[in-house]
Amino acid sequence: MPAKGQTHMPRLIHKRPDAPDRILTFGEKPLVIGRLLDSDVPVRDSFLSRIHCGISYADGHFTLKDLGSTNGTYRNGARVFECQLASGDKIQVGNTTLLFEIDKTTGDAVLQQTTAFPAAPKVTLGPRPLKPPALKGPPPPAKPAPGAPPPAPGLRKI
């Protein structure tokens with residue numbers, strides 16, 4: 001509970017189907033959704049930009065903002081550049097859908113990743129190539145080319 005006179009700063013809880021939940025705290029900058037692993041909300045989807053969009057919290061409102069992505073950011077099917085989010089909004093980025101909800105008891109935002117990036121298709125390989133025969137012992141000494149001068153004498157131990 002916040003101290004008397006302080007307000008609770010909501011958090012963003014990112015729920016992913018392929019990893020544990022991640023809890024993020026809002027600050028001055030938006031929480032970045034993108035393809036980079038060090039994004040605040042990393043999403044494995046090749047159709048996302050490295051830095052795709054962001055969610056911020058100010059004046060009691062959550063705001064979604066496209067951060068110059070190539071394929072755009074969509075809220076409930078409509079392309080947006082900046083908009084306020086409401087509980088139940090669907091955010092589409094690339095092939096991924098994120099469901100945005102506000103927890104009524106805590107005021108925290110919950111971002112549920114409802115569409116996981118599809119697994120890579122299974123690749124079937126042909127027969128394995130034969131291994132080259134194993135060499136035994138050191139390689140034979142190289143034969144000098146016909147008419148070549150004899151090799152220079154090497155250093156000898158004394």
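The values are calculated or read from the model by the stated rules, or taken from the named source; none is laboratory data. If you're wondering where the values come from, they're calculated on a predicted model, not measured in any experiment. All Cβ positions, glycine included, derive from the backbone under ideal geometry; neighbour counts span all protein chains shown. Ligands, DNA and RNA are stripped out before the accessible areas are found, and what is left, the full protein with its side chains, is counted by its heavy atoms. Shrake-Rupley method; radii C 1.70, N 1.55, O 1.52, S 1.80 Å.
Residue by residue through the stretch 25-66, note down the ones that are aliphatic (A, V, I, L, M) and within 11 Å of residue 91 (Cβ to Cβ).
Start the filter on the stretch 25-66 by keeping residues that are aliphatic (A, V, I, L, M), which leaves 31-33, 36-37, 41, 43, 48, 51, 55, 58, 64.
Of everything in the stretch 25-66, those that are aliphatic (A, V, I, L, M) and within 11 Å of residue 91 (Cβ to Cβ) turn out to be 33, 41, 43, 55, 64.
So which strands (runs of 3 or more DSSP E) stay within the stretch 1-103 end to end and still have 1 or more residues that are under 15 Å from residue 114 (Cβ atoms) and open to solvent by less than 60 Å² (accessible area, probe 1.4 Å)?
Hits in the stretch 1-103: 11-16, 19-25, 31-34, 89-93, 96-102.
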